[in-house]
1. Checking the condition over 23 Å from residue 389 (Cα atoms), surrounded by fewer than 20 Cβ atoms within 10 Å (Cβ to Cβ) and assigned by TED's automatic domain parsing to the domain that holds residue 293, which residue from 157, 103 passes?
2. Go through 332, 253 for me and flag whichever is modelled with pLDDT under 95, closer than 30 Å to residue 475 by Cβ, in contact with a helix residue (DSSP H, G or I) (Cβ under 6 Å, 6 or more places away or on another chain) and buried (at least 16 other Cβ atoms within 10 Å of the Cβ).
3. Within segment 168-188, is even one residue at pLDDT below 85, in contact with a strand residue (DSSP E or B) (Cβ under 9 Å, 6 or more places away or on another chain), in the same structural domain as residue 241 (by TED's automatic domain parsing) and under 18 Å from residue 129 (Cβ atoms)?
4. What is the residue count in segment 810-832 for residues that are within 18 Å of residue 622 (Cα to Cα) and surrounded by fewer than 16 Cβ atoms within 10 Å (Cβ to Cβ)?
5. Among the residues of segment 452-483 satisfying the criterion of being modelled with pLDDT under 90, in contact with a helix residue (DSSP H, G or I) (Cβ under 8 Å, 6 or more places away or on another chain) and outside any strand (DSSP E or B), which is surrounded by the fewest Cβ atoms within 10 Å (Cβ to Cβ)?
6. Of 111, 43, 55, which residue is crowded, with 17+ Cβ neighbours inside 10 Å and within 27 Å of residue 395 (Cα to Cα)?
7. Of these, 106, 111, which one is farther than 22 Å from residue 448 by Cα and not in a loop (DSSP other than H, G, I, E, B)?
8. Sort through 420, 410, 391 and tell me the only one that's free of Cβ contacts under 8 Å to residues at least 60 places away in the same chain, surrounded by 15 or more Cβ atoms within 10 Å (Cβ to Cβ) and outside any helix (DSSP H, G or I).
């Protein structure tokens, strides 16, 4: 099988292997200034990814795995779902798995030193315990269970580190529905897991016991007595696992220390209540045994065992070539140790586009390092190395970069910059999340250390200037004063175990996290530093749960200003749609009569089909208006929404296909038979006085799956159109039987012509159905003919007072907004999108800023340092603002904009290749 050159945004260096579930590659992801990060990319086989159940489970657990930060867990950096498939980007561990170590020992007719084997399992247990103890944002246990603890999922680096792999993939693997997929896994299952019962952390402990058994005896507990490598046939193996039937390891290896056999037998107890109750208990038992026997075993002991049994020249996965290894970095955008935060690089000859952007600067003070040094002695250096790697992994996940000092080791004070990567709009959220992750990771690592290491963190928002490379990274950057001073000051003043956030950043993420009170800080030398005399700070407690965030968003004021009348029109239309009305006799020559399906039997007499067209120029607030209206609807209302795409504007029925798929959950990954069964069930709720139900079912299934029914090509075009129109009416009637229905079609100007014609026909017929259809479009000639006769809600530009209120709502600031907006309003012509875009651009450039007053309130001010600044601060026109944004694009993206400007249409893959 050919190895791809790229997958997603990763360059593939080599294929590492493939199994029944996934294939694994060694790849690299480019950072700034010619650096990159080596990682492992695991791509799920397409056959498995097609299963909706598997995909949903995999996505959920993959996202969970990215939140696990521990030295004994292989880091999952990100989850990718694109045209190349489902993928996980994971930490690159240069070394072997425990299974290869055992195979090498068997081949050389020797044994793994028993206390080294025990230490390996003890380290793996630390990682498992960390995962078992993880809680969600609200503090509720996540109840994570690995379910696939086996030698192949315990990795040993050439430096002696032990890491548990495949969190986020093990559960999905074990619950695949295809026959035979669990073959080879039974030998590491707990009895209750093999019986199909509910599992908990103690099942993982049983698996660890099996691994320790095999490392000590070099055979499976269930192996045939005559051949250690030969396991029973699958049915016999499953019976043995279910019954917990095996011989003690000393039966096969009498030299095993009795202390370790005791640990194995307890971990592999048939009853989960008789096992170690936590993985930490098991790790502690091994530690006590090592201490009692005065066995000094550490990472260097594993390193020596690997060298003895496997050598150093055949590491799998292999190390990168020397030229690449010299560039390999731990962080996403590494910086030379010792580089100052605010130092600017020399000007390059080949100047790249200059850019000014907001970044978040995180300053951290570590406490407990001195005590840890005194307690560990020679082991302190290794503990610090593990913590440094963990911090680097966390930063990489958040698109951040630690600024490490020139001397090696873990410093007491450390700084991190967030927002230099290609997506700076997430800098504030990522910085706050990074702080939460750091506190959690240090707490998890400290469980296994003799002294606790904690952090005090401060986060401020500042402005960075630099050059934007082709990947969107800001390189050769410098930070504008006084951000470095403020970050350092806040980090030193924050209490241990807490994160203090400055007000400028707090306002951006206040609805995503739970906050506590913190005092305002007085800055002694503020005037000489160009900083405010006092700084308002907030204590970050934790992220909001999904439910809490939904409540917060529902209660929070929105940016919809000046649209009360239009929103009232939509509510009035909804009220009319759901108000019962008396049925009217159907004309005998109607299309419904000709199709012998009485429409009054479709949806009952519980309302009226009502349509409204929300119309206005780009950026005028059409989508925001409808979104606010939808958020205020009664909870029993079902909302179906679809957005028309320019890519599909020439594909017949594209818009209606999307709507049908949204309504039913049926898509192109379903078979025709599966889709037909869904539609048959839906249409079965409707009383149809006709024998044509199966024809409707077949036509709807064709639309949803893109698969044509045999013999359909012989039917006339007009007949198939009427059949689809009737099918849509019946489907909507079925959906509206249970609850009122609101259909929202956005970007109608990009809808295909066939869908436009059918939508017009559908809405032109009177139906006694509790359905409101909201169509959103710009006033374009292409669409006007299809919405003629429908009630329009036209949006005009906002007035001056409304625009000021809009900016106040967006920034959360009242003072000074009217004065700053006085120069902006004439340029935006009442367009709310362009107004907010202009304000955001000026904030990013530092032309305007939000400052804190002595009384604690905030004010929006012009940031003028010289008369020259005033001349360049504001773009003279909106076109200039947009032009500046376009000129800042990387060359490749700029070429795409140029192409679209000339062609006026969608850019297809064939155009790019040409």
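The values are calculated or read from the model by the stated rules, or taken from the named source; none is laboratory data. Just so it is clear, the structure is predicted and the values come from calculations on it, not from any experiment. As a convention, Cβ positions derive from the backbone with ideal geometry for all residues, glycine included, and neighbour counts pool all protein chains shown.
1. Numbers: 157 fails: over 23 Å from residue 389 (Cα atoms).
Within the list 157, 103, the selection yields 103.
2. Details: 253 fails: closer than 30 Å to residue 475 by Cβ.
Among 332, 253, only 332 is modelled with pLDDT under 95, closer than 30 Å to residue 475 by Cβ, in contact with a helix residue (DSSP H, G or I) (Cβ under 6 Å, 6 or more places away or on another chain) and buried (at least 16 other Cβ atoms within 10 Å of the Cβ).
3. Residues of segment 168-188 that are at pLDDT below 85, as a first pass: 168-186.
Next, from what is left, pick out any that are in contact with a strand residue (DSSP E or B) (Cβ under 9 Å, 6 or more places away or on another chain): 168-169, 172-173.
Restricting the remaining residues to those that are in the same structural domain as residue 241 (by TED's automatic domain parsing) gives 168-169, 172-173.
Among the residues that remain, those that are also under 18 Å from residue 129 (Cβ atoms) are: 168.
Yes: one or more hits.
4. Of all residues in segment 810-832, those within 18 Å of residue 622 (Cα to Cα) come to 810, 828-832.
From what is left, the residues that are surrounded by fewer than 16 Cβ atoms within 10 Å (Cβ to Cβ) are 829.
Count: 1.
5. The extreme case among them is 470.
6. Values: 111 fails: within 27 Å of residue 395 (Cα to Cα); 55 fails: within 27 Å of residue 395 (Cα to Cα).
One residue alone meets the criteria, 43.
7. Working: 111 fails: not in a loop (DSSP other than H, G, I, E, B).
Answer to the selection: 106.
8. Numbers: 420 fails: free of Cβ contacts under 8 Å to residues at least 60 places away in the same chain; 391 fails: outside any helix (DSSP H, G or I).
One residue alone meets the criteria, 410.
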